[in-house]
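All remarks here apply to the structure that follows.
The values are calculated or read from the model by the stated rules, or taken from the named source; none is laboratory data. Nothing here was measured: the structure is a model prediction, and the numbers come from that model. All Cβ positions, glycine included, derive from the backbone under ideal geometry; neighbour counts span all protein chains shown.
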Amino acid sequence: MARFAHDTVVPYQHSVLPKKEQVAEMFDDISPRYDFLNRFLSAGIDIQWRKKAIRQLNSLQPKFILDVACGTADMAIMCWRELHPEKITGIDISEGMLAIGRQKVHKAGIKAIELLKGDSEAINFESNSFDAVTVAFGVRNFQNLQQGLSEILRVLRPGGKLVVLEFSKPKSPLVKSFYYLYMKVITPNMGKIFSKNRHAYEYLDASIQKFPEGNTFLEILKNSGFKNNYRKSLSLGICSIYCGEK
Ligand SMILES: C[S@@+](CC[C@H](N)C(=O)[O-])C[C@H]1O[C@@H](n2cnc3c(N)ncnc32)[C@H](O)[C@@H]1O
């Protein structure tokens with residue numbers, strides 16, 4: 001199975017734990033401040049990115065959706081509001097993130113969303129169970145990207161669609177300089193102040209740097225068995241939507 005550079009990028013350099021356990025520990029730790037920092041650091045643009053990603057499913061009108069690495073359920077809640085499916089299942093390895101997500105789902109009074117502890121690399125569902133799978137800012141955190149994508153393909157029904165939303169690096173030199181200042185100076189310092197976890201926001205930058213983005217990610221989707229794959233670049237290239245079908 002192919003391995004990629006970001007598979008080995010970990011939040012805590014001195015920890016001997018595998019990436020998956022470190023990632024779960026880090027998200028447990030920052031979960032109470034995750035939503036606030038997300039909105040604050042993206043100036044709310046992430047909401048537009050999520051909406052555009054979900055719109056890729058409009059024509060499919062999926063009834064059963066799996067949101068992998070669902071975190072605090074933003075994507076699941078938005079999918080429910082935009083697409084009105086019968087059921088959305090969210091899985092995540094961080095109990096802390098799931099707990100916040102469950103509170104939000106309960107508060108919104110949405111019965112069609114269920115959030116479960118679960119690993120993208122060993123998905124606890126039968127093959128061909130879902131019409132669509134979404135992963136927002138999750139694939140970069142997988143310990144084994146190839147294994148995660150194979151599992152997603154397995155649980156999608158034939159004709160089902162995967163939508164991935166993930167950070168990417170801008171190409172324009174002008175945007176690049178602002179971006180690097182933002183990611184290397186502003187984000188880690190804001191993250192340190194508000195989340196009290198400097199590692200989390202240094203890890204964010206390190207994992208984006210190593211992530212196989214753009215055409216490389218499309219190639220990985222193809223090699224994993226997805227077809228009709230395409231990418232949409234968002235906000236001058238700092239984020240991307242990738243789609244593929246089973
Ligand atoms: C940056 S957060 C994104 C959360 C949410 N999707 C969102 O859009 O805000 C990344 C999430 O991926 C989860 N995660 C990382 N590796 C995972 C895996 N192997 N299986 C399931 N979830 C995973 C983390 O626990 C974390 O909640």
**Study point:** In the range 68-99, the residues that are within 11 Å of the ligand (Cβ to nearest atom), free of Cβ contacts under 8 Å to residues at least 60 places away in the same chain and surrounded by fewer than 24 Cβ atoms within 10 Å (Cβ to Cβ)
**Key:** Ile77, Met78, Ile91
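So is Phe27 modelled with pLDDT of 90 or more and either outside any loop (DSSP other than H, G, I, E, B) or more than 15 Å from the ligand (Cβ to nearest atom) (or both) or not? Walk me through how you get there before you give the answer.
On the way: modelled with pLDDT of 90 or more: yes; either outside any loop (DSSP other than H, G, I, E, B) or more than 15 Å from the ligand (Cβ to nearest atom) (or both): yes.
Here the answer is yes, as Phe27 does meet what is asked.
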**Study point:** Flag if Ile208 is over 16 Å from the mean Cα position of the chain (by Cα) and in contact (Cβ under 8 Å) with a residue 24 or more places away in the chain
**Key:** no
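In the range 142-189, which residues are aliphatic (A, V, I, L, M) and at pLDDT below 95? Quick ask: steps written out before the conclusion?
Filtering the range 142-189 for residues aliphatic (A, V, I, L, M) gives 145, 149, 152-153, 155-156, 162-165, 174-175, 181, 183, 185-186.
Within the range 142-189, Leu174, Val175, Leu181, Met183, Val185, Ile186 qualify.
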Check your understanding: Do you know which of the residues in the range 9-24 that are touching a residue at least 12 places away in the same chain (Cβ under 8 Å) and in a helix (DSSP H, G or I) is surrounded by the most Cβ atoms within 10 Å (Cβ to Cβ)?
Key -> Val23
Practice item. Quickly run through the range 122-167 and pick out the residues that are surrounded by fewer than 21 Cβ atoms within 10 Å (Cβ to Cβ), basic (Lys, Arg) and in contact (Cβ under 8 Å) with a residue 60 or more places away in the chain. Key: Arg157
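Here's the yes/no breakdown for (1) within 21 Å of Lys232 (Cα to Cα); (2) touching a helix residue (DSSP H, G or I) at 6+ places or on another chain (Cβ under 9 Å); (3) of a type in the set (A, V, I, L, M):
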| site | (1), (2), (3) |
| --- | --- |
| Gln103 | no, no, no |
| Leu145 | yes, yes, yes |
| Pro158 | no, no, no |
| Glu166 | yes, yes, no |
Review point. Under 6 Å by Cβ, and 6 or more places apart or on different chains, what pairs join a residue from the range 30-41 that is within 9 Å of the ligand (Cβ to nearest atom) with one that is at pLDDT 85 or above?
Key: Ser31/Gly96; Ser31/Met97; Ser31/Ile100; Tyr34/Thr72; Asp35/Thr72; Asn38/Asp46
